[in-house]
1. Could you check region 166-180 and list, in sequence order, the residues that are closer than 22 Å to ASP370 by Cα, of a type outside the set (D, E, K, R) and in contact (Cβ under 8 Å) with a residue 40 or more places away in the chain?
2. In region 695-711, how many are outside any loop (DSSP other than H, G, I, E, B) and surrounded by 13 or more Cβ atoms within 10 Å (Cβ to Cβ)?
3. Given (1) surrounded by fewer than 21 Cβ atoms within 10 Å (Cβ to Cβ); (2) in contact with a strand residue (DSSP E or B) (Cβ under 9 Å, 6 or more places away or on another chain); (3) under 21 Å from GLY211 (Cα atoms), identify the lone condition not met by LEU68.
4. Tell me, yes or no, whether region 617-626 has at least one residue that is more than 16 Å from VAL649 (Cα to Cα) and buried (at least 16 other Cβ atoms within 10 Å of the Cβ).
5. Residues of region 249-279 being touching a residue at least 60 places away in the same chain (Cβ under 8 Å) and not in a strand (DSSP E or B), which ones?
6. State yes or no: is ILE442 crowded, with 16+ Cβ neighbours inside 10 Å, under 30 Å from ASP396 (Cα atoms) and in contact (Cβ under 8 Å) with a residue 24 or more places away in the chain?
7. Does region 287-303 contain any residue that is more than 12 Å from LEU239 (Cβ to Cβ) and crowded, with 23+ Cβ neighbours inside 10 Å?
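The values are calculated or read from the model by the stated rules, or taken from the named source; none is laboratory data. Worth saying up front: this structure is predicted, and the values here are computed from it rather than measured. Because the Cβ atoms are built from the backbone with ideal geometry, glycine has one as well, and the counts that use them run over all protein chains shown.
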Amino acid sequence: MKNKTLILLAFLALFTAVGIAQPTSWNWYFGTNCALNFSTGTPVSIAGSAISTWEGSASISDATGNLLFYTDGITIWDRNSNPMPGGNGTLLGNSSSTQSAVIVPKPNSTTLYYVFTADAQGATGGISYSIIDMTMNTGNGDVATLNTNLLAIGAEKITAIKHANGADYWIIVHELGDDAFYVYLLCSSGLQPPIVENIGIQYINNSMYWGESIGYLKASPNGAKLAAAIHNDIDTVQLFDFNNATGAITNPINIPYGTGDGPYGVSFSPNNTVLYIATETTGTIYQYDISSNNQATINASQYVVATSTADSYMALQLASNGKVYSTESSSSTLAVINFPNVLGAGCNFVTGAVSLGTGTCGLGLPNFVDAVNATANTVTSLPTDTTVCSGPVVLDAGAGATSYLWSTGATTETISVATQQTVSVIVTRVSVCATNTEYDTINIHIIPALVVNIGNDTTLCIGANLTLDAGNAGAGYHWSTGANTQTITVAATGNYSVTVTAGTCVDIDSILVTFVAGPNIALGADISVCAGTPVTLDAGNVGAAYLWSNGATTQTISPTASGIYYVAGSFGACVATDTILVTFITVPVVYLGPDQLLCNGQSAILDAGNAGSTYLWSTGAITQTINASATGLYSVQVQNGVCTGSDTVQVTSYTGPTVNLGPDIKICYGADTALDAGNAGMNYFWNNGSTEQNIRIYTSGTYWVDVDNHGCKGSDTAIVIIGKKYWFH
């Protein structure tokens, strides 16, 4: 947020424009038989007014404040309130036209006056002018030229502005159906062809009765601004820059209102920085600070001065006493803004402030030449001797001249001067009205500039601090904290600014420093868990921004692999971190095998596997393997860190059978014998298919038996021979 300061010692205009004498607007004629005189500075009602109009009127006095004539735009009454012979109902204005007429003296003449008229709402009278010759009609004046048409169809808007040369006048009107302002120059040789400025809102008859044409067009006292109230359907006031040296209209700024609000009256303050607007529908007077020349800033400055009923506060007119007056429709009084230069309630609005005697006002007040204090709003002379803190210096001799001649040899409007020197310029302006030559000289002194930069707006974490350095050692310092040192250290949120001074050079800088609370992240102690056990790591600090070492940006993660996990959490520029080691331990897989069957004193080696682990057997052994020979249930727990696996096996020891079928047998034919496998209660399987312990033998053969005791087996074979009876003789 930089704010460079260019120091100019003083400004002095070599030529000043001659303002029109204020007494020319001392007599106001308007409404129904209303007349006011401002010669004492306080408006006083005077009798005898013949005018009767609802809206526009105009009046003019001589250089000492004596009334010359007045008009409603249709009839012209002389100083004695008698209709001029050629102006009795013959002009093309309208009693329902906002600015039905304006009276402009012809430059370099004391007897000729132009009366410009505007018909109402696009009617056939358009924009016209008539010329009044005050030498006619025994010195009471009469119409010398009647109703010369300028525009066939025009808005109810006419304003006249003093030219920057102090002698001539600009007359500005607006065509209907487009966005064209017509800017006419009136000089001693007469009315010149118009400058057409296509700018701003188009008046395109949205209302179907040319409601857009209604509303005042006014200029600021210095001639640098125009304000045009655009009535129904558009409901906007447009503010423009006006160059009263060239007639250029630029920089439209919109001040909008609600549909049907009907902006009507406008007036600038005497110091040119405050604009007043009156709207018809709500009967409200608004105030705006226009010094910024920025649309958003101007609209944001709106202040309601007064609110009444519809058609109440309508026309607004700046008087020669520096006050702004408002109609109070169909009333015998006017309201007043006593201090129009003051923003807010200090402008001092008062209702019923001015008595109109037996007269009654309508909507309008008399139209006068605006910008009576006008001077060129471009630089037509150079500043006085100037000291600046950096170069180059751009000198502008003012726009719109015919020729320029600088002491440097340049012939352009502006030049750039980068060294200490004396510069002069001759400016020549030639127009159809006059030729003017201006001269000016300036001494320029350039000294080294200060450059102050205390940095960009910064956000830090609470607990930190920041040192601000204004640089430029040896200069003078004034901080917003009251410190006067080159540096300060800050630890609290705030706007900090410093002004650095070195001689006449000044530079200012400011910075917004914001301290915010940072996150507090604690992932906890390192974690060791068995593989497959769910683990959730939570960085906490809901709403923070997160970045984990695995790329995740969530508040929590659920790791499944061993490793070191890191997270950074942040609130704005404040960051906190934490790290945790997560170890997933392999769970021992223990398998002792199927249940074991042992026979006749056999033993089995039981192996718990998982070499390197810790073991605990049901026998009390702590080795990886044990030798089991006795019947029993054997179990083991295998521990790998915090992870445990186990298994159980049944070992059963049996005595195997001893089978003895005896010696081979020889028996006689017809005899039988029996074979006994013994081992009662066991399982038997004979080769003849028998499953009995004993079998009877009737035939010769080889007989064998398998005896099974729970898997422990024994067997034997016997040969049985049955002989024939004669064998044994």
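1. The answer is GLY166, ALA167, TYR169, TRP170, ILE171, ILE172, VAL173, HIS174.
2. Start the filter on region 695-711 by keeping residues that are outside any loop (DSSP other than H, G, I, E, B), which leaves 695-697, 701-709.
After this cut, where a residue has to be surrounded by 13 or more Cβ atoms within 10 Å (Cβ to Cβ) as well, the list is 695, 697, 701, 703-709.
Count: 10.
3. LEU68 satisfies all of (1) surrounded by fewer than 21 Cβ atoms within 10 Å (Cβ to Cβ); (2) in contact with a strand residue (DSSP E or B) (Cβ under 9 Å, 6 or more places away or on another chain); (3) under 21 Å from GLY211 (Cα atoms) except (3).
4. Taking region 617-626 and keeping what is more than 16 Å from VAL649 (Cα to Cα), we get 622-623.
Applying the additional criterion that residues be buried (at least 16 other Cβ atoms within 10 Å of the Cβ) yields none.
No, region 617-626 contains no residue that is more than 16 Å from VAL649 (Cα to Cα) and buried (at least 16 other Cβ atoms within 10 Å of the Cβ).
5. SER269, PRO270, ASN271, THR273
6. Working: crowded, with 16+ Cβ neighbours inside 10 Å: yes; under 30 Å from ASP396 (Cα atoms): yes; in contact (Cβ under 8 Å) with a residue 24 or more places away in the chain: yes.
It is true that ILE442 is crowded, with 16+ Cβ neighbours inside 10 Å, under 30 Å from ASP396 (Cα atoms) and in contact (Cβ under 8 Å) with a residue 24 or more places away in the chain.
7. Yes.
This table checks each residue for (1) in a strand (DSSP E or B); (2) modelled with pLDDT under 95; (3) surrounded by fewer than 19 Cβ atoms within 10 Å (Cβ to Cβ).
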{"position": "THR159", "(1), (2), (3)": "yes, no, no"}
{"position": "ALA164", "(1), (2), (3)": "no, yes, no"}
{"position": "ILE172", "(1), (2), (3)": "yes, no, no"}
{"position": "TYR182", "(1), (2), (3)": "yes, no, yes"}
{"position": "GLN202", "(1), (2), (3)": "no, yes, yes"}
